[in-house]
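Bear in mind that the values in this text are calculations on the coordinates, not laboratory data. Since we're looking at a predicted model, the values are computed, not measured. As a convention, Cβ positions derive from the backbone with ideal geometry for all residues, glycine included, and neighbour counts pool all protein chains shown.
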Amino acid sequence: MRSDVRQPVDSADEATTPLAQVEQTKEKSSALHNPYLAARKEWDERYGDLITRAKNWRAAAFLFGLIALASVAGMIVIAKQTRVVPYVVAVDNIGRVASAGLAEQGSLADDRLKRAAIYQWVSDWRLVTIDGIAQRKAIDRVYAMIGNGTPAQLIISEFYSKDPPHTRAQGETVDVDVKAVFATSEKTYEVEWTEITRTISGQPRSEERWKGSFTIAVSPPSEERLIRINPLGVYITNASWSKVL
């Protein structure tokens, strides 16, 4: 009797179990096939890759733009700092180097100014002219560029006393042509010049070549009187010369 009663109950349980499983499967499948999620997945698959690549390109373009901007800024800075500095080499009439240096260097002690002062000094010192006023001014300029109490002062005074230009001008004149002035040391310069002696009527009498060595000192003037007579402050401290045979 007990076995007969249990059989229907077991059959009912067996009948209800497949139905529950089917319902659960339907619920799972409905959850898995959500149309919103499916559409989102489709969107990501179609356009997500394009959006990602576009974002990467924008980042790369921005980075390249920063690099280009930094490069341009660096070039501008370098261009402002770069300067072209000319280098000057001065030669005399036979091609020897008389002076060399940067063209931007310029001061009262500049070698070119020293050589110009010595050039003028030698021209005034050896000049002989029939114009008394011009001769007197030339002698004044010579002494204005001689250091007080130096050997050059005694040497030049002795030169003028032995052969006064005013006396010599009564029979002849002397034109001076300085050929070269170049430094042999920091304070010593060698000068080469030619003297053309003429008669009072202007006829050439002789032409002589001379060579001298002159020591200088530079003392920029501080008084207005000295500035007028020797603006560069170049003074001859010693002198020696000889005729070139």
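Amide H to amide H distances under 5 Å link residue 238 with 152, 215, where only residues 5 or more positions off or on other chains count and H is placed in the peptide plane. Return the inverse of the average 1/r over all pairs of distinct C-alpha atoms in the stretch 89-244, which is the Kirkwood hydrodynamic radius, in Å to one decimal. So the Kirkwood estimate lands at 16.5 Å.
Shown for 125, 193: other C-beta atoms within 10 Å of each C-beta, ranked fewest to most, produce the order 193, 125. Over all pairs of different C-alpha atoms in the stretch 172-223, the reciprocal of the mean inverse distance, the Kirkwood hydrodynamic radius, equals 13.1 Å.
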